[in-house]
Amino acid sequence: NWLIHPDHPLTARVTVNRYWQMFFGTGLVSTSEDFGNQGAIPSHPELLDWLARDFVSSGWNLHHLIKQIVLSHTYRQSSQLNTLSAAEQEVLKEKDPTNTWLATFPAGPLTAEMLRDNALATAGLLSSRIGGAPVRPYDLAHAFKGGGVSKGEGLYRRSLYTFWQVNGPSPLMLTLDAAKRQVCAVKREQTTTPLQSLVLLNSPQFIEAARVTATNLLRDKADPAQTIEKAIRMSTGRSPREQETDIMVQLYEEQLEHFQQHPQEAADYLKTGQKPVDDTLPPAELAALTNTVLTLLNYDATLIKH
């Protein structure tokens, strides 16, 4: 009762700080694991107090708290300094090199779960069902004796439902910096390793998502440039720049030429994943566009929240 008493300031502040950290990468108190006198002081103490009081007044409503944060100007601003004048950029670099005062949005990588779920959602594969038993996606195929992967919808459920065993966690999630769960982890480590790129480019989950996305795009029967522009919008959430479209169209044409010369490679590549292949589509075109979409799923504009 004392923990959630309106006069108890700590619970609300800690909760608000955790959600702020979730959206901005760093909490208003940067040491989110330590709110004691050995921790950091708040960067915006009045804001922390106001959000905590507003959270309690709303009846501890998390939807209300999240709405307050994501609808704020601070969250919706761009991470690009080029939106500011040259003089403003110089002042910021000198006075706030770590962007503590949030003059721009602090760009950061999506979490492991978000990366996988985003790829599935782009393909229209992500299951929206809530609740139920845990499932085993492709990367858990060899983690359990006599287990094997799930079938059908189980492969496309949100990463929240991935079966997790302390001694046999999801290799995909761990590679993309998910916590190991042997101990409580208030903050996740953020690393950039070649292994992450290898997983994102070669994991059956991502290849299959790219293939299904490519299938949906090819069914529209648009010209390559229009198809690529739509693929960029779907993966990054914004309209493409001319240079981006030109580069991706060139990649598609190179891949198309390769798969036309090596039809068996195209056929083998398209077998990745349990989702049936659309035999009405030209295999070389589908394989080429699959590789193009897979490249977009690995593009920093897709992997990083700007």
Only one of Leu160, Leu217, Leu155 is open to solvent by less than 20 Å² (accessible area, probe 1.4 Å), more than 30 Å from Glu244 (Cβ to Cβ) and either at pLDDT below 90 or in a helix (DSSP H, G or I) (or both), namely Leu155
In region 13-48, residues that are within 23 Å of Thr98 (Cα to Cα), assigned to a helix (DSSP H, G or I) and touching a residue at least 40 places away in the same chain (Cβ under 8 Å) total 7
The condition of being under 26 Å from Asp300 (Cα atoms) and open to solvent by 40 Å² or more (accessible area, probe 1.4 Å) holds, among Ala112, Ala86, only for Ala86
Residue set Ile304, Ile228; condition touching a strand residue (DSSP E or B) at 6+ places or on another chain (Cβ under 8 Å) and either of a type in the set (A, V, I, L, M, F, W, C) or within 30 Å of Ser170 (Cα to Cα) (or both); output residue Ile304
Of the residues in region 28-53, those that are in contact with a Lys or Arg (Cβ under 7 Å, 6 or more places away or on another chain) and crowded, with 18+ Cβ neighbours inside 10 Å number 3
Scanning region 178-207 for residues that are among the charged types (D, E, K, R) and in contact with a helix residue (DSSP H, G or I) (Cβ under 8 Å, 6 or more places away or on another chain), the one modelled with the highest pLDDT turns out to be Lys187
| query | On the given criteria, is Ile232 touching a Leu at 6+ places or on another chain (Cβ under 8 Å) and surrounded by 14 or more Cβ atoms within 10 Å (Cβ to Cβ)? | reply | yes
How many residues of region 277-294 are more than 17 Å from Pro204 (Cβ to Cβ) and open to solvent by 40 Å² or more (accessible area, probe 1.4 Å)? The answer is 5
For Leu172, the lone unmet condition from (1) surrounded by fewer than 13 Cβ atoms within 10 Å (Cβ to Cβ); (2) within 24 Å of Lys275 (Cα to Cα) is (1)
With criteria (1) surrounded by 13 or more Cβ atoms within 10 Å (Cβ to Cβ); (2) of a type in the set (A, V, I, L, M); (3) within 24 Å of the chain's Cα centre (by Cα), Leu62 comes up short on (1)
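From the set of residues in region 180-211 that are in a loop (DSSP other than H, G, I, E, B) and small (Gly, Ala, Ser), which is most open to solvent (accessible area, probe 1.4 Å)?
Filtering region 180-211 for residues in a loop (DSSP other than H, G, I, E, B) gives 180-193, 203.
Next cut, small (Gly, Ala, Ser) only: 185, 203.
On the way: Ala185: 54, Ser203: 16 Å².
Once the filter is applied, the top-ranked residue is Ala185.
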So, first residue within 15 Å of Gln21 (Cβ to Cβ) in region 60-81, second residue of a type in the set (Phe, Trp, Tyr) and open to solvent by 40 Å² or more (accessible area, probe 1.4 Å), Cβ within less than 7 Å, six or more apart or across chains; the pairs are Leu65/Tyr19; Ile66/Tyr19; Ile69/Tyr19; Ile69/Tyr75
Looking across region 128-143 at residues that are modelled with pLDDT of 90 or more and under 15 Å from Val166 (Cα atoms), the single one that is most open to solvent (accessible area, probe 1.4 Å) is Pro134
**OP:** Could you tell me whether region 260-276 includes any residue that is in a helix (DSSP H, G or I), more than 28 Å from Met173 (Cα to Cα), open to solvent by less than 70 Å² (accessible area, probe 1.4 Å) and not small (Gly, Ala, Ser)?
**Re:** no
Going by the structure shown, is Pro106 outside any helix (DSSP H, G or I) and within 16 Å of the chain's Cα centre (by Cα)?
yes
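The values are calculated or read from the model by the stated rules, or taken from the named source; none is laboratory data. None of the values given here were measured: they were computed from a predicted structure. No Cβ is skipped: glycine too gets one built from the backbone with ideal geometry, and neighbour counts run over all protein chains shown. Surface areas here come from the heavy atoms of the whole protein model, side chains and all, with no ligands, DNA or RNA. Shrake-Rupley method; radii C 1.70, N 1.55, O 1.52, S 1.80 Å.
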